[in-house]
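The values are calculated or read from the model by the stated rules, or taken from the named source; none is laboratory data. All of these numbers come straight from a predicted model, not from anything done at the bench. In this analysis, Cβ positions are derived from the backbone assuming ideal geometry, glycine residues included, and neighbour counts consider all displayed protein chains.
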Amino acid sequence: MLAFRQDFRQKIPMLDAALIQRVRVRKEDSAFVYAILESYEGICSYSTLDGRPEDLHRDLELQIPFEFVKEVQEVLGFLGEMVFFIDQPKSP
């Protein structure tokens, strides 16, 4: 998967201008969180990371353009306890 992601970034250079943030969402909240993120068109994209079917959570990797970091932080703040930060944000 890592090789694919590196290749993907080579084809789409704008991903190099994005902040990567991983978050954890309870499984029962995941559809709602996905809908909220999609409703704010263009402020971020996300991928659901691989997990086990028995997991009670879903891990997401958010790709946030630097121009929208503040907006995404506000949206995640509004979601409150539905979203848990897995690690510190990273620039690619």
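Determine whether Val83 is surrounded by 15 or more Cβ atoms within 10 Å (Cβ to Cβ) and at pLDDT below 90.
yes
Within segment 20-76, how many residues are assigned to a strand (DSSP E or B), under 14 Å from Ile86 (Cβ atoms), of a type outside the set (Lys, Arg) and in contact (Cβ under 8 Å) with a residue 40 or more places away in the chain?
6
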